[in-house]
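The values are calculated or read from the model by the stated rules, or taken from the named source; none is laboratory data. Treat the numbers as computed from the prediction; the structure is a model and nothing was measured. Backbone-built Cβ (ideal geometry, glycine too); neighbour counts: all protein chains shown.
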Amino acid sequence: MRANLWGTIMVISSNPRRTRVLVTTLLVSIPLVLAVVGCRTDSSPKVLPFGVMDVPRAAETLRGTAQLSGWALSESGIRQVSVYVDRKYAATATLVGSRPDVAKAYAAFSNHPDSGWTVQLDTSAFPPGPHELTVQATADDGATRDLATILVNIVKP
C-alpha cells in the first residue's frame, strides 16, 4: 500500500548523541510507514526565532502608556525583543520568563521557560492616528525575525 504525507519536518536541535525532530502533519493517508531516505544539513548556524505578540491586537486604540506582551523562542535562546513604530525603533522589551502555555506547546525547546516578554510603550511620543507597530525578536546567535506587524490607532489621553 501507498502512504501520502503532507506537512513539515523541522530539526529542533542536533548533537552527536541525539537529534530532536518536530513533525507537523497536515494530512495523512493511512497506512503510514515513515522511513528516513535522506538527510540534508543546513550549514547555516542561524535558525530564525519565532513567536507572537499577544497584546495589543490589530486595530486596537492605544493611549498613554500601553503594555505590549507576547512570547518568543529560538533554538539558541532570545537575546532581545524590540518594538518599532512606523519602522522606527521605539523600545526594547523585558524578557519576563515563564509562559506555561508556550512551554507545553513547544516542549522540545530547552529555553522555553524564558519565552515571555513585555514592554511599556509611551504613546505620547507619537502623533494621534493610525500607526504601524512591529515587534522583532533577536536570537542569541544573531538571527532576527519580525514576530508581528499590526496597525493600531493612537489617541491622546
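Points to keep in mind about this one:
- Whichever residue in the stretch 124-156 is charged (D, E, K, R) and under 24 Å from the mean Cα position of the chain (by Cα) and, among such residues, is farthest from residue 114 (Cα to Cα): 132
- Among the conditions (1) farther than 14 Å from residue 50 by Cβ; (2) at pLDDT 95 or above, the only one that residue 146 does not satisfy is (1).
- Restricted to the stretch 101-124, and to residues there that are modelled with pLDDT of 95 or more and outside any strand (DSSP E or B), the residue that is surrounded by the most Cβ atoms within 10 Å (Cβ to Cβ) is 123.
- Of the strands (runs of 3 or more DSSP E) lying entirely inside the stretch 1-94, those carrying at least 3 residues that are at pLDDT 90 or above are 50-55, 65-73, 78-85, 88-92.
- Selected residue [of a type in the set (Gly, Ala, Ser) and over 18 Å from residue 71 (Cα atoms)] from 124, 115: 124
- Remark: pairs (first residue in the stretch 137-153, on the phi > 0 side of the Ramachandran plot; second residue outside any strand (DSSP E or B) and among the small types (Gly, Ala, Ser); Cβ separation under 9 Å; 6+ apart in sequence or on different chains) = 142/76.
- Just one of (1) among the hydrophobic types (A, V, I, L, M, F, W, C); (2) touching a residue at least 60 places away in the same chain (Cβ under 8 Å); (3) within 18 Å of residue 79 (Cβ to Cβ) fails for residue 102. It is (2).
- Checking each residue in the stretch 127-156 for being outside any strand (DSSP E or B) and surrounded by 18 or more Cβ atoms within 10 Å (Cβ to Cβ) picks out only 143.
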